[in-house]
1. Consider L31 against the criteria (1) more than 21 Å from E115 (Cα to Cα); (2) assigned to a helix (DSSP H, G or I): it satisfies all of them except one. Which criterion is unmet?
2. Being touching a residue at least 40 places away in the same chain (Cβ under 8 Å) and among the β-branched types (V, I, T) narrows it down to one of V143, V91, so name that one.
3. Among helices (runs of 4 or more DSSP H) lying entirely in region 37-140, which contain 1 or more residues that are buried (at least 20 other Cβ atoms within 10 Å of the Cβ) and modelled with pLDDT under 95?
4. Out of the residues in region 142-200 that are modelled with pLDDT under 60 and touching a helix residue (DSSP H, G or I) at 6+ places or on another chain (Cβ under 8 Å), state the one that is surrounded by the fewest Cβ atoms within 10 Å (Cβ to Cβ).
5. Applying the selection to region 6-20, what residues are open to solvent by less than 80 Å² (accessible area, probe 1.4 Å), without any contact (Cβ under 8 Å) to a residue 40 or more places away in the chain and over 22 Å from P138 (Cβ atoms)?
6. From the list V159, V147, which one is assigned to a helix (DSSP H, G or I), out of contact with any Asp or Glu (no Cβ under 7 Å at 6 or more places or on another chain) and of a type in the set (V, I, T)?
Amino acid sequence: MHGLILRTFQVFVQDTYGPEPWRRIVDGAGLDAPDFEAMLNYPQDIFTAVVGAAEVELRKPSDAFLEDVGTYLVSHPNSEGLRRLLRFGGVDFIEFLHSLEDLPDRARLAVADLELPDLDLVDVAPNRFTLLVGAGLPGFGFVLLGVLRAMADDYGALVLMECDGGTLGRQTIAITLIETAYSQGRQFALAASGAPAVEG
């Protein structure tokens with residue numbers, strides 16, 4: 001398990017709930033140290049232990065916890081870099097969806113040994129899609145669901161989404177786009193600073 005993923009869990013809990021809940025999660029998971037190193041690799045069972053301890057400490061199902069992590073990755077000020085990377089995927093939410101198949105490769109360009117599950121977007125009908133999430137990272141579909149919900153808000157789109165539990169790590173996200181410009185999206189600048197911003 002890549003340390004960047006576990007480090008993301010850590011900063012999400014600390015930023016959202018504070019240091020004490022994270023300390024209790026560390027204790028509940030039986031970890032030797034409270035901090036994860038983003039560039040190290042850890043045994044898979046640590047991932048399972050952390051998610052299980054978070055489920056108990058935060059009193060929410062693991063799928064809800066993972067979805068909240070996905071939302072955090074896009075909406076929190078500390079994650080502006082990831083939001084910008086995702087926004088370059090398209091000028092509207094549909095273009096963004098079609099860019100998701102390239103996400104694992106783009107992630108490897110940023111972090112060479114970070115392996116994300118394969119993503120395959122299927123056009124089911126006009127404005128209806130199925131996103132197939134490959135095996136390799138348990139619960140990643142729920143994290144991605146949180147990312148998609150936050151990105152829909154970012155683009156100002158009204159979207160209905162649902163993720164199944166999947167088997168053997170594979171999951172399916174059903175996506176129905178109700179309205180592309182339901183509300184005003186967040187401003188997005190083409191450059192980090194000094195370039196004109198555009199609306200979602």
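The values are calculated or read from the model by the stated rules, or taken from the named source; none is laboratory data. The shown structure was predicted, so the numbers you read here are calculated from the model rather than taken from an experiment. A quick note on method: Cβ atoms are made from the backbone with ideal geometry, for glycine too, and the neighbour counts reach across all protein chains shown. For accessibility, only protein heavy atoms count, side chains too; no ligands or nucleic acids. Shrake-Rupley method; radii C 1.70, N 1.55, O 1.52, S 1.80 Å.
1. In the conditions (1) more than 21 Å from E115 (Cα to Cα); (2) assigned to a helix (DSSP H, G or I), L31 misses (2) alone.
2. V143
3. Ranges flagged: 62-75, 80-87, 93-99.
4. A192
5. Q14, G18
6. Among V159, V147, only V147 is assigned to a helix (DSSP H, G or I), out of contact with any Asp or Glu (no Cβ under 7 Å at 6 or more places or on another chain) and of a type in the set (V, I, T).
Conditions tested, residue by residue: (1) within 20 Å of A152 (Cα to Cα); (2) out of contact with any His (no Cβ under 9 Å at 6 or more places or on another chain).
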| position | (1), (2) |
| --- | --- |
| F36 | no, yes |
| V69 | yes, yes |
| S79 | yes, yes |
| R87 | yes, yes |
| V111 | no, no |
| D120 | yes, yes |
| A125 | yes, yes |
| T130 | yes, yes |
| V133 | yes, yes |
